[in-house]
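What follows is calculated from the coordinates using simple rules that are stated; it is not laboratory data. What you see is a predicted model; the values in this text were computed from it and never measured. Don't worry about glycine lacking a Cβ; one is built from the backbone with ideal geometry, like all the others, and counts go over all protein chains shown.
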Amino acid sequence: MKKIFLSSLLISIIVFTSCKEKITNPPDNPLPEGYQQDVPWPSLADAPWPMNHHDPQNTGRSIFVGPKSGTNYTVIPTTWQESGVSIGKDSSIYFAAIASIFSYKLDGQLIWQRVLDSLRWEIYSTPLISSNGNIFGVNTFSGRVYCYDGAGTMTWSYKNNKNILQKTLAIDKVGNLYFVDAGSTLVVLSPQGQLLWTVTDTRFWVGYSSLVFSPDGKTLYIAGLNPSLFAIDISQRQIKWVFGKYKNRQEPIVDAQGNIYVLTKTDSSNGEQSALYSLKPDGTVRWVYIHNNKLGEELISNTPTIDKNGNIYFAFDSLYSVDYQGKLRWKQPLPGIADCPLVCDAEGTVYAGLSVHDQRFITIKAFNSKGTLVWENNFPVGISGQVGGSPAILNSRLIFPTWRSSEIFLIK
């Protein structure tokens, strides 16, 4: 009996010690505050850059490292380029130029071209690539949305009764498509191109902007004339909250924690000041960084980007880096006007495109996360020295469109 008792006691001690060791083992290293994990989006193509400014949160951040030098490049010829660039799963490049949507190989060889407008109107909207390989384009002034398969065959089109002036379509997690038309109406289409629902508000900004989703896909953000930002509850199909009282023509970006970043003005009795706001998911102010750059009132393509560590970058006549808590990390003066969405790579290198007016070139600068210039180069253009549409990053390459000119640069 004594032997049985001692054996039982020994087994108990071993089990207790084992459990205790498991409990007291130190956990894996926690992620640092503000770390940005990529947000899964089932309806979007598993591709290097499947939509304008990379993703539905509008982060402009790639999982790839960009080019280490700006000296080696080739050119895709185009005409009156105005859209940004998307990249498909097979590294095909998609963009829209005057009247048409194009698909190119990475070596610059044309795969297919489809005419969207026989009248040769301008096309603003960057193509969007869904998880089933469909490519969506928009005919800006006819208000028609098109769906093409990977071979360039049109599978459906939807005719809206107003123009669609936005940078791109938005897509929710189940594949529904969203845009705001020139009649101040938010329009929602099914993946098959059927009208699902609409919300109209004359305060929506209807110009060259885009719509942005929260990480859970339940809230859609729209830039506004006054207020500055609308949050739309997708399930309730109504406005959830609004923020600000000044005209805002720039879409926000949203981080992985659901915080929203918007460039607008302060509400101050001491006068309006240009600022970057960080809002919590409920619309309350998390912090505000006042930069007071008056150029912010004019630029409509200046979209910030956010790196893996939660640092935010935005640019006017200088490139700013603000940390996750809203403190200035560094500021670098720029030689031109950064009227172009910023993008960053997996290492936190930020690429800024600069318009140099009355010159036949654009300037691109690459800064590392610490604010050190990595490279810069002037790229010759045939018509105007302007930047505009969102660039894209693909495995040591930067694909950079011009604005109303005839070149897309493939920089290695």
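Positive contributions from Lys and Arg (+1) and negative ones from Asp and Glu (-1), summed over other residues with Cβ under 12 Å from the Cβ of Trp41, come out at -4. Assuming charge only on the beta carbon of Lys and Arg (+1) and of Asp and Glu (-1), the dipole of the chain about its Cα centre is about 640 debye to the nearest 20.
Residue by residue, the stretch 136-142 carries 3J(HN,Hα) couplings of 10, x, 10, 8, 3, 8, 8 Hz when phi is fed to the Karplus relation 6.51 cos²θ - 1.76 cosθ + 1.60 (θ = phi - 60°); x denotes Gly or Pro. The residues neighbouring Ser278, those whose beta-carbon lies less than 12 Å from its own, together hold a net charge of +1 under the Lys/Arg +1, Asp/Glu -1 convention. The lysines whose alpha-carbon is closer than 30 Å to the alpha-carbon of Lys370, local same-chain residues fewer than 8 away aside, are Lys68, Lys265, Lys280, Lys294, Lys308, Lys327, Lys331, Lys412. Listed values for the stretch 177-183 are Karplus-derived 3J(HN,Hα) couplings in whole Hz (6.51 cos²θ - 1.76 cosθ + 1.60, θ = phi - 60°), namely 10, 10, 7, 10, 8, 5, x, and x replaces Gly and Pro. The angle between the Cα long axis of helix 2-24 and the longest principal axis of the Cα atoms of the chain comes to about 20 degrees, rounded to the nearest 10. Farthest toward the positive end of the dipole of the chain, out of Gly183, Gly382, Ala366, is the Cα of Ala366, where the dipole comes from beta carbon charges about the Cα centre. Within the chain, the proportion of Cα pairs with more than 41 Å between them is 16 percent.
When the Cα positions of Gly217, Pro341, Asn293 are compared along the charge dipole of the stretch 211-343, Gly217 comes out farthest toward the positive end, with charges on each C-beta of Lys, Arg, Asp and Glu. Shown here: the stretch 319-404, whose C-alpha atoms stretch 41, 28, 20 Å along the first, second and third principal axes, sorted largest to smallest.
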